[in-house]
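Bear in mind that the values in this text are calculations on the coordinates, not laboratory data. Since the model is a prediction, treat every value here as computed from it, not as a measurement.
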Amino acid sequence: MKAKTKFIILTISVMVVIAACSQIMYIPTNEDAQRAGESLETLNQGKMTYEKNCAKCHGLFSPERFTQQKWAKIMPVMQKKAKISNEEASLISKYVNARAKQN
Ligand code: HEC
């Protein structure tokens, strides 16, 4: 195999692995803020808090993956694991709830 072909295959493999591991979290829009009844600022803070505290043991779960009811059960458990304050947990909840799965 030519060196150039090997390089191309390696590059593609690396990109596939990176894409599979990094969930891209949505960026809050005005519509999200309106629907959630929260400010855009709050949702953005929630996103930052989520990314900072919740990717240490596993990848970030997409907000769309669970319903609000399910998130409400998960958050208290993960709050303890992440050792974050009630305020931080509440910000994360607002962020995930704004785009949680519909029932
Ligand atoms: C200290 C490690 C650790 C940290 C930090 C952590 N988690 Fe987890 N998380 C786990 C483990 C272990 C599981 C799988 C076992 C379980 O469900 O308890 C899990 C599972 C999950 C699940 C899947 C639950 C399901 O029912 O499928 C979600 C969603 C989640 N975590 C969200 C979060 C959020 C949000 C944060 C940040 C507040 C967070 N995690 C921080 C360890 C962690």
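Structural remarks
- Helix-only CD estimate at 222 nm, as mean residue ellipticity for the chain, using -39500 (n - 2.57) per DSSP H run (n ≥ 4): -21000 deg cm²/dmol
- Qualifying lysines (Cα of each under 24 Å from Cα of Lys73; at least 8 residues distant if same chain): Lys47, Lys52, Lys56, Lys81, Lys83, Lys94, Lys101
- Most mobile of Met78, Met48, Met15 in a GNM of the chain (Cα contacts under 10 Å): Met15
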